[in-house]
Amino acid sequence: TKEQLYSINNSSLKDASIWFNNGCTGEFVSSEGLVLTNHHCGYDAIAELSTTQDNILDNGFWAKDRASERVPVKPLVVTRVVRVDDITDQVLSKLTGVAEKDRSAKLASIFKELEKKATEGSSYSATSREMFKGNAYYLFVLEKFTDIRLVGTPPQNIGKYGGETDNWMWPRHTGDFSMFRVYCGADNKPADYNASNVPYKPLKHLSISLKGYKEGDFAMIIGFPGRTNRYEFSQGVALATDVVDPSIVNLRAIRLKAWKEQMVQDEATRLLLSSDYASVANYWKFFDGEAEQLKRNKVFEKKAAEEKVFGQWASSREEYKSLLYDIDQVYTLYKPYALQSTYMRECIGAPGIMQLASLGFALDALYFEKDTLMKNKTMSKEEKAKRISLIDSNILKISKKSIEALADFSYTDRIRTADKKIFQGMLSMYYKNIPANQWPAVFKKIASKIKNGNSEAVFAKYTEMVLSKSIFASKEKIEAFFKKPSYAKLLADPAFALYKAHRDNYMTNFKPKVDEFMSQSVALGRKYIKGLMEMYPNRYFYPDANSSQRFTYGTIRSYNPKDGVHFNYITTIDGVMEKYIPGDYEFDLPARFIELYKAKDYGRYAMSNGKLPVAFLSDNDITGGNSGSPVMDGDGNLIGIAFDGNWEAMSGNIHFDETFKRTISVDIRYVLWLIDKFGGAGHIVAEMTIIE
Ligand code: ARG
């Protein structure tokens, strides 16, 4: 019933599904705060806890008791939804008459007020979300836990089995799960890490079914999908396939290649870079697949056809008459700058040296303020002195913070070697793909040295100069600089100067255009959705994903990826062994795993045919952020953990394809077998509620 899924007064299934570390989903599986999520969701925490002496990323880890659970280097956050309020009427009534350009500022203040009212006198927090691009609004009351400890993880050659090769694809054989426990104060309320904290008692934890499923069985998911853009216009689809997606793919390939060259040579380097590598690689392949599948699934053509029908309906309606024309105008104006934000993030901001140089940016703003103040002739001496001393104390504060941030940043010789290639590669990409009339002066100067088209020689020399001269190329030099910061030194630094030139160029010349485009396209989208709702009064509409809690239901379902090919809905451990390549980076397996396979020691986790299930397909609608979500049967029992989407529906963020879209999940029986038989941690399984 609805009440079993979501209830404000009683515990319901929504209480078992939590937002894991602001980007994934997890679920409670015991009354003692035990949480299951994906391996790739715990990856960063696991990698940070790993050293060459105690390599839990490669070897796996199972806490033998509560005291051995591991405290992450950076605290993790688990958020539970207390309740959801529909605030549409309150928000819209306060927005009437507000101009488009003032809308987001006004919204922020409306949200703030409503969130304050919703949480007054409680320890909860709240966040509001715009739905249907501003046709509806919801407020989420939340409870955030910050003492989260690692309970267990399989070795990565199981948790990430298949690596980048199998990522986003079926058939799949990955044991993509890890386990954490939420701790809190004695009052069952959130508390920061403290050795004396106790396991959290959730309102609801999921029972686990070992009964399995067959094609056509009901399956549902409650999780926190990140972002979709299902009401995107055809022009936006063209921008993705022709401009933005291929650029991200080409830029990310540079980082991945340079990192991998170093990672395969040295274990410590591999541990340092593994997590960044995995996340950059994940969306490198994503955007490749998105562009390919948007084309194969003819999404542009489908959107254009829908718009045409809308256009006919709109032609006699004053409110909507010019909408399609306006959309075209907005996208046409934006197109020449459409690569600017991507290049700022994925090109200029990508090399480690640029990220380090960006640490100087907060100082830059303060020094600029100080300079302006010094030149001020009308302010009184006292006032001036007061303000300058405030700025100086902020400079000290920022410097201290920057030194702290450095503790995280390892710029070892190997990483610097990789970064050199990345930096040089990025300069070349910028030179080739951004029109010269959009370059900042510093870059024009570098490029002016290019003779006879030999850009590589110029960029190689420049790279050599920056990485030998910049204070940001050495941790010791940066630390020394921040201990005694000087503006002249900062401005003279070649890495900082380059970063600043690009950032200033972006902020003054392009960011206003990007912001304008965003605000106009959202406003047009809002009108389009409103029009569609009027045009199809009997159709169900659902809002785009926006990291708020959502429900999706469907069935266990196989598919045909192309003519003449059928993909089964389930994989087994036999397929894990078929893919096994000893010593391989992505398809190696632990010796103990192979022994257990040979002995066919699957216990109560085997299916009735004696095989051990590994992964399965259902036609639920998920996206990034749903990773780690509970997949439940019709009784609300856990049957698997969602961890991926399938290649043929990589267009899914923009268009839901009824034929191809699938959710890929790891079977809960494989998870329990890995903990119990492979990991020898039966005491953890004993804590769960199991239905045989
Ligand atoms: N594609 C998965 C997702 O975004 C993440 C898989 C992580 N694994 C990897 N090989 N990078 O949900």
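The values are calculated or read from the model by the stated rules, or taken from the named source; none is laboratory data. Just so you know, these numbers come straight off a predicted model, no measurement behind them. Backbone-built Cβ (ideal geometry, glycine too); neighbour counts: all protein chains shown. Surface areas here come from the heavy atoms of the whole protein model, side chains and all, with no ligands, DNA or RNA. Shrake-Rupley method; radii C 1.70, N 1.55, O 1.52, S 1.80 Å.
A few remarks follow.
- Bridge orientation summary for the chain: considering DSSP beta bridges with both residues in this region, about 95 percent are antiparallel.
- Reducing segment 192-225 and segment 567-627 to their Cα centroids gives an inter-centroid distance of 21 Å.
- Surface/4 estimate of mean projected area, convex hull on alpha-carbon atoms of segment 1-91, nm²: 8.6 nm²
- By the equivalent-ellipsoid construction on the alpha carbon gyration tensor, the chain comes out with semi-axes of 41, 33, 29 Å, ordered largest to smallest.
- In loop segments of segment 538-612 as defined by DSSP, the GluC sites (Glu not before Pro) with at most 16 further C-beta atoms inside 10 Å of their C-beta are 586.
- Backbone N within segment 656-692 under 12 Å of label point (7 Å from residue 604 Cα along the Cβ vector): 673, 685-692
- Where labels lie 7 Å past Cα in the beta-carbon direction, separation of residue 355 and residue 112 in nm: 3.2 nm
- Applying 0.36 nm per residue to the separation of residue 591 and residue 403 and subtracting their alpha-carbon distance, the gain on full extension is 63.3 nm.
- Rg/Rh (Cα only; Kirkwood hydrodynamic radius) as it applies to segment 36-77: 0.93
- Principal axis dimensions, segment 544-653 - Cα atoms, whole angstrom, descending: 46, 33, 30
- Total charge dipole magnitude, segment 289-329, about the Cα centre, Cβ charges on Lys, Arg, Asp, Glu only, Debye to nearest 20: 240 debye
- If R0 equals 22 Å, the separation of the Cβ atoms of residue 465 and residue 488 corresponds to a calculated FRET efficiency of about 0.70.
- In this simple spin-label approximation, residue 553 and residue 268 carry label points 7 Å from Cα along the Cα→Cβ vector, and these lie 5.6 nm apart.
- With θ taken as phi - 60° and the Karplus curve 6.51 cos²θ - 1.76 cosθ + 1.60 applied, the whole-hertz 3J(HN,Hα) list for segment 542-556 is 10, x, 4, 5, 8, 6, 9, 5, 9, 10, 9, 10, x, 9, 5 Hz, x standing for glycine and proline.
- Out-of-range pairs (alpha-carbon distance over 30 Å; input 370/483; 74/661; 74/204; 106/444; 106/302): 74/661; 106/444; 106/302
- Extension reserve of the residue 368-residue 296 stretch, reckoned as 0.36 nm per residue once the Cα distance is removed: 20.8 nm
- Of the solvent-accessible surface of segment 212-280, computed with a 1.4 Å probe and all protein chains present, 51% belongs to carbon and sulfur.
- Estimated translational D of segment 87-193 in µm²/s (Stokes, Kirkwood radius over Cα pairs; 20 °C; 1.002 mPa s): 119 µm²/s
- Taking a straight Cα-Cα cut-off under 20 Å and skipping sequence neighbours fewer than 8 places away in the same chain, the lysines within cross-link reach of residue 513 are 101, 133, 335, 500.
- Quarter of Cα convex hull surface for segment 590-678, i.e. mean projection, nm²: 7.3 nm²
- Only Lys, Arg (+1) and Asp, Glu (-1) charged, at Cβ; segment 100-152 dipole about Cα centre in debye: 140 debye
- When the trypsin sites (Lys or Arg not before Pro) in segment 486-532 are filtered for DSSP coil states and for at most 16 other beta-carbon atoms within 10 Å of their beta-carbon, no site remains.
- The 3J(HN,Hα) values that the Karplus relation (6.51, -1.76, 1.60; θ = phi - 60°) gives for segment 433-445 are, in residue order, 10, 9, x, 4, 6, 9, 6, x, 4, 4, 5, 4, 5 Hz. Gly and Pro appear as x.
- Pairwise centroid distance, computed over Cα atoms, of segment 630-692 with segment 25-93, Å: 16 Å
- Charges were assigned to the Cβ only: +1 to each Lys and Arg, -1 to each Asp and Glu. The resulting dipole of segment 586-660 about its Cα centre is roughly 560 debye.
- Dipole of the chain, positive direction: furthest Cα of 43, 380, 81, with charges on the beta-carbon: 380
- Listed by chain and number, the lysines whose C-alpha is less than 25 Å from the C-alpha of residue 611, apart from same-chain residues fewer than 8 away, are 160, 211, 214, 579, 598, 600, 677.
- Applying a DSSP loop filter and a limit of 15 other Cβ atoms within 10 Å to the chymotrypsin sites (Phe, Trp or Tyr not before Pro) in segment 615-667 leaves 656.
- Per-residue ellipticity at 222 nm computed for the chain from its helices equals -13500 deg cm²/dmol, with DSSP H segments shorter than 4 residues left out and the rest contributing -39,500 (n - 2.57).
- Distance (nanometres) between label positions extended 7 Å along Cα→Cβ at residue 376 and residue 507: 1.9 nm
- Efficiency of FRET between residue 65 and residue 692 - r from beta-carbon atoms, R0 41 angstrom, step 0.05: 0.95
- Positive dipole terminus of the chain, leading residue within 200, 284, 422 (C-beta point charges): 422
- Neighbourhood net charge (11 Å Cβ-Cβ; Lys/Arg +1, Asp/Glu -1) for residue 266: -1
- If R0 is taken as 51 Å, the Cβ-Cβ distance between residue 86 and residue 31 corresponds to a FRET efficiency of 0.95.
- Among 158, 219, 390 - extreme Cα towards positive end, dipole of the chain, charges at beta-carbon: 390
- For segment 406-548, taking Cα atoms only, Rg and Dmax work out to 22.4, 67 Å respectively.
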